[in-house]
Amino acid sequence: MTNNIMNDNPSPLESAVMRRVYAAHAVRPLLSGAMLALALASLSLWGIGREVWVAQVFSNAPSFADFSATAHFWLAAVANTRLIVQTLLALALAATVYLARESARLIAPALAGARA
């Protein structure tokens, strides 16, 4: 093995290893839990859009002024859908809650620093 401290030209092995290190460093933020949750939420919402005519559901919904009718409508709408839609809704909700939690964890130190 040669010592490349004084040599500006790295060996082919060193170049290959460093390329892999740079690639791993570049991909690392994309594989974080928040990015995976964002991808899961996006794919779930896309799947719901493919399975359900979302605009028609919102047009059939009662006004939000009557809370009990609105709650009953949404519970009935979810209960009367197919299992795949219910599963996608649960995945989208779980991913959104996880994203909200991660966002709060990221923002909390900045807010605490601003108050001090």
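Nothing in this text is a laboratory measurement; each read-out follows from the coordinates by a stated rule. The structure presented is a predicted model; accordingly, all values stated were derived computationally and were not measured. Here the Cβ is made from the backbone with ideal geometry for all residues, glycine too, and neighbour counts use every protein chain on show.
Using C-alpha pairs below 8 Å separated by at least 6 residues, the relative contact order for the chain is 33 percent.
Taken over segment 69-116, the percentage of Cα pairs per 5 Å bin, counting from 0 up to the bin with the maximum distance, is 4, 18, 13, 15, 13, 10, 8, 8, 7, 2, 0.
Debye sum, Cα scatterers, segment 44-83, no solvent: what log₁₀ I/I(0) at q = 0.18 1/Å? Scattering profile of segment 44-83, log10 relative to I(0): -0.54. Residue exposure proxy: H72, H25, ordered by other Cβ atoms within 10 angstrom of their Cβ from fewest to most, comes out as H25, H72. All Cα-Cα separations within the chain were binned at 10 Å from zero, giving a P(r) of 11, 22, 22, 17, 14, 7, 5, 2, each value a whole percent of the pairs. Placing dummy labels 7 Å off each Cα toward the beta-carbon, the span from A104 to R28 is 2.8 nm. In the chain, helices alone account for a calculated mean residue ellipticity at 222 nm of -25500 deg cm²/dmol, with every DSSP H run of four or more residues adding -39,500 (n - 2.57).
The residue list W53, T81, I107 was ranked by how far each Cα lies along the charge dipole of the chain toward its positive end, using unit charges on Cβ atoms, and I107 comes out on top.
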